[in-house]
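Heads up: the structure comes next, in structure tokens.
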Amino acid sequence: MWYSKLDFSTANSTLFQSLGAKNISEGILTLSLGLDEIYTLTTLTTGHKSSSSEPPPSQPFPSTYKDDFNIRNPSFSEAPYFADQTGVFEYFINASDPGEHVFTLRQVVTQRPITWVIDASNTISIIGSYKWVNFIITCDIYIESNKGGAFIAGRISKAGTYVASAKGIFFWVFPDGTYQVTGDLSEFLL
């Protein structure tokens with residue numbers, strides 16, 4: 001078990017202090033939790049506190065980007081540069097497609113989870129820069145269900161916890177072949 005205590009007033013937090021193994025009796029572990037404390041429970045015995053070097057400085061997203069998701073055996077499930085806002089998207093190998101859509105990005109959580117903040121009711125993964133003004137977006141989509149749909153969007157005003165109220169240009173496609181263009185996620189038509 002690992003212990004962290006977040007100290008917001010002095011920024012002198014305790015992070016991942018090992019508390020060693022704890023006994024569990026009849027499947028129950030009892031903890032007394034204090035304010036701003038986090039306990040990390042694991043069945044692994046190989047854990048240790050790590051250290052890392054400083055990350056590289058932030059850089060703008062490239063103005064030209066293309067991805068075909070063609071990674072046969074990825075050591076990770078998330079696609080690079082995508083930031084899931086609500087829902088989860090992962091690499092997927094579509095063995096039923098013998099053509100150019102074998103390697104795809106797929107929505108894998110299809111039921112709305114319990115959320116910690118007010119967020120969008122639509123699943124959203126963001127790539128690119130909100131500073132872009134003139135750009136072209138192209139993508140191929142496959143809607144696996146006869147319910148719902150998919151959208152791509154540009155000129156989005158907000159992300160993160162504010163994504164539910166974002167304004168922009170949303171291009172929606174539905175399973176019956178219809179489409180619409182809206183100015184927000186509530187599908188208010190332009």
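The values are calculated or read from the model by the stated rules, or taken from the named source; none is laboratory data. Note that the coordinates shown come from a computational prediction; the quantities given were computed from them, not determined experimentally. Cβ: placed from backbone, ideal geometry, glycine included. Neighbour counts: every protein chain shown.
Checking 27, 20, 34 one by one, the residue that is on the phi < 0 side of the Ramachandran plot, surrounded by fewer than 12 Cβ atoms within 10 Å (Cβ to Cβ) and over 24 Å from the mean Cα position of the chain (by Cα) is 34 and no other.
May I ask you to list the residues in the range 144-158 that are of a type in the set (A, V, I, L, M, F, W, C) and not in a loop (DSSP other than H, G, I, E, B)?
Narrowing the range 144-158 to residues of a type in the set (A, V, I, L, M, F, W, C): 150-153, 156.
Within the range 144-158, 150, 151, 152, 153 qualify.
Please work out if residue 90 is charged (D, E, K, R), surrounded by 12 or more Cβ atoms within 10 Å (Cβ to Cβ), outside the structural domain of residue 139 (by the TED database) and under 17 Å from residue 127 (Cβ atoms). I'd like the intermediate steps shown before the answer.
On the way: charged (D, E, K, R): yes; surrounded by 12 or more Cβ atoms within 10 Å (Cβ to Cβ): yes; outside the structural domain of residue 139 (by the TED database): no; under 17 Å from residue 127 (Cβ atoms): yes.
Against the criterion (charged (D, E, K, R), surrounded by 12 or more Cβ atoms within 10 Å (Cβ to Cβ), outside the structural domain of residue 139 (by the TED database) and under 17 Å from residue 127 (Cβ atoms)), residue 90 does not qualify.
Suppose we filter the range 121-143 for residues that are hydroxyl-bearing (Ser, Thr, Tyr) and in a strand (DSSP E or B); how many remain? Total satisfying the criteria: 1.
Every residue, every condition in (1) free of Cβ contacts under 8 Å to residues at least 40 places away in the same chain; (2) among the hydrophobic types (A, V, I, L, M, F, W, C), yes or no:
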site: 101; (1), (2): no, no
site: 114; (1), (2): yes, yes
site: 122; (1), (2): no, no
site: 127; (1), (2): no, yes
site: 139; (1), (2): yes, yes
site: 158; (1), (2): yes, no
site: 175; (1), (2): yes, no
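Checked across the range 172-180, the condition of being more than 17 Å from the chain's Cα centre (by Cα), in a loop (DSSP other than H, G, I, E, B) and surrounded by 14 or more Cβ atoms within 10 Å (Cβ to Cβ) holds for at least one residue. For the range 142-161, taking the residues that are more than 16 Å from the chain's Cα centre (by Cα) and hydroxyl-bearing (Ser, Thr, Tyr), the one that is surrounded by the fewest Cβ atoms within 10 Å (Cβ to Cβ) is identified as 145. Among the residues making up the range 1-36, a single one is out of contact with any strand residue (DSSP E or B) (no Cβ under 8 Å at 6 or more places or on another chain) and within 14 Å of residue 49 (Cβ to Cβ): 20.
Would you mind finding the one in 122, 73 that is surrounded by fewer than 16 Cβ atoms within 10 Å (Cβ to Cβ) and not aliphatic (A, V, I, L, M)? Answer to the check: 73.
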